[in-house]
1. For region B:18-70, state the semi-axes of the equivalent ellipsoid (square roots of 5 times the eigenvalues of the alpha-carbon gyration tensor), sorted largest first and rounded to whole angstrom.
2. From the cross-link list B:70/B:103; B:59/B:103; B:57/B:103, which pairs have alpha carbons spaced over 21 Å apart?
3. Before I look further, what does region A:1-91 give for accessible area per residue, probe 1.4 Å, in whole square angstrom?
4. Do any residues of region B:75-103 lose at least 40 Å² of accessible area when the full set of protein chains is present rather than just their chain alone, and if so which, with a 1.4 Å probe?
5. Which residues does the label zone of residue A:56 cover in region B:2-40, counting backbone N under 11 Å from a point 7 Å along Cα→Cβ?
6. Could you rank the peptides A:13-20, B:86-93 by their average count of other C-beta atoms within 10 Å per residue, with the highest value first?
7. Would you tell me the mean number of C-beta atoms belonging to other protein chains that fall within 10 Å of each C-beta in A:36-48, as a whole number?
8. Per-residue mean of other chain beta-carbon atoms within 10 angstrom of the beta-carbon, peptide A:50-57?
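The values are calculated or read from the model by the stated rules, or taken from the named source; none is laboratory data. Only a predicted model underlies this, so the values are computations on that prediction, with no experimental measurement involved. Every residue, glycine among them, receives a Cβ derived from its backbone with ideal geometry; neighbour counts consider all protein chains shown. Note: areas computed on protein heavy atoms with side chains; ligands, DNA, RNA excluded. Shrake-Rupley method; radii C 1.70, N 1.55, O 1.52, S 1.80 Å.
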Amino acid sequence: DAGVIQSPRHEVTEMGQEVTLRCKPISGHDYLFWYRQTMMRGLELLIYFNNNVPIDDSGMPEDRFSAKMPNASFSTLKIQPSEPRDSAVYFCASSLGGQTYEQYFGPGTRLTVT
Amino acid sequence: TQLLEQSPQFLSIQEGENLTVYCNSSSVFSSLQWYRQEPGEGPVLLVTVVTGGEVKKLKRLTFQFGDARKDSSLHITAAQPGDTGLYLCAGADYGNNRLAFGKGNQVVVIP
């Protein structure tokens with residue numbers, strides 16, 4: 001089975017531009033999570049979905065960030081406008097749920113905003 | 001917000017040596033997971049511990065969940081260069097599918 005798929009793997013953009021990150025979760029997984037990882041702050045949860053519905057977006061840093069999950073096999077994280085401090089690695093993860101909450105991560109998108 | 005503190009942050013050892021890293025919190029978790037992350041990749045799940053006092057072994061890796069379900073340790077026996085990576089612990093709250101991650105233990109095994 002294919003794991004979690006993310007695209008692009010690398011993104012370099014200029015400040016003020018719109019950035020869209022994409023994720024395809026593992027088929028059959030009900031939960032989808034977006035994380036951001038930096039050296040300073042580690043792995044931070046931005047938002048997560050259950051059955052395509054956003055459950056907790058308290059980790060989304062600002063209104064510049066938005067996430068959608070139009071169907072069970074696709075999600076996007078958009079940053080508009082992007083700023084240099086958004087530079088980080090963004091991970092998508094999916095989970096079956098259940099009592100152990102095990103998550104499966106994609107390879108990540110390394111975002112650099114200049 | 002549940003905080004997980006991992007120590008030491010960085011550890012460098014020679015191949016063949018043993019090591020132990022720790023994950024501590026003041027919160028109680030329903031389960032705790034350990035992940036390993038290699039450069040340029042996402043975290044990969046190693047193990048989930050559920051019961052207080054539980055010990056799980058994965059080849060040369062031994063994971064223990066504290067009796068009070070607030071802390072955990074990872075012991076590696078006879079470390080190999082392939083064990084190099086960032087080890088992340090993550091705690092699950094009761095009835096909540098989100099995980100709280102620590103910042104990780106960076107382990108480097110020198111050949």
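1. The answer is 20, 14, 11 Å, longest axis first.
2. B:59/B:103; B:57/B:103
3. 53 Å²
4. Output list: B:97, B:98, B:99, B:101, B:103.
5. B:2
6. Descending mean neighbour count gives B:86-93, A:13-20.
7. 3
8. 1
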